[in-house]
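Below: the structure, in structure tokens.
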């Protein structure tokens, strides 16, 4: 079976993203959630700087245009705000409740991709998106 590279990367992303709620829940047990988010962000920054350095990618930094930098910066702020809310939610509830709601970012992201990027999912895709929303609800009720 020859899987496309994007699919492999997407599955790897999902696997590592799934660890965030579980490991984050352990990390915020006895710590302010905002402080935990800042520590996490610092560790991520160090890891990513080392990764980019090891791959020799810093030479391309000068080619980042102002518009691209603006969108990347806004994306970074959105991610940071998401983490602040996620870690706070993890302090207040079980990871098995927080994780499914957090993953509603996927259908919300698709709606935003339709509205902002003009992407057009098929009717079958919309059916799958609806099932994800229903699944998130079912995963969190008692």
*Would you check if residue 110 is farther than 28 Å from residue 132 by Cα and surrounded by 10 or more Cβ atoms within 10 Å (Cβ to Cβ)?*
no
*Has the stretch 19-27 got at least one residue that is closer than 18 Å to residue 79 by Cα, free of Cβ contacts under 8 Å to residues at least 60 places away in the same chain and either over 14 Å from the mean Cα position of the chain (by Cα) or loosely packed, with under 13 Cβ neighbours inside 10 Å (or both)?*
yes
_residue 130 being over 20 Å from residue 23 (Cα atoms), modelled with pLDDT of 95 or more and either in contact with a strand residue (DSSP E or B) (Cβ under 8 Å, 6 or more places away or on another chain) or not assigned by TED's automatic domain parsing to the domain that holds residue 29 (or both)_ = yes
_In the stretch 56-93, the residues that are within 30 Å of residue 31 (Cβ to Cβ) and touching a helix residue (DSSP H, G or I) at 6+ places or on another chain (Cβ under 8 Å)_ = 80, 82, 83, 84, 86, 87, 88, 89, 90, 91
*Do you know which residues across the stretch 115-127 are surrounded by 13 or more Cβ atoms within 10 Å (Cβ to Cβ) and either touching a residue at least 60 places away in the same chain (Cβ under 8 Å) or in a helix (DSSP H, G or I) (or both)?*
126
*Which of the residues that make up the stretch 30-68 are within 19 Å of residue 88 (Cα to Cα) and without any contact (Cβ under 8 Å) to a residue 40 or more places away in the chain?*
30, 31, 32, 35, 38, 39, 42, 43, 44
_Lone unmet requirement of (1) touching a residue at least 12 places away in the same chain (Cβ under 8 Å); (2) in the same structural domain as residue 17 (by TED's automatic domain parsing) for residue 140_ = (2)
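The values are calculated or read from the model by the stated rules, or taken from the named source; none is laboratory data. Keep in mind the model is a prediction, meaning the values are calculated, not measured. Don't worry about glycine lacking a Cβ; one is built from the backbone with ideal geometry, like all the others, and counts go over all protein chains shown.
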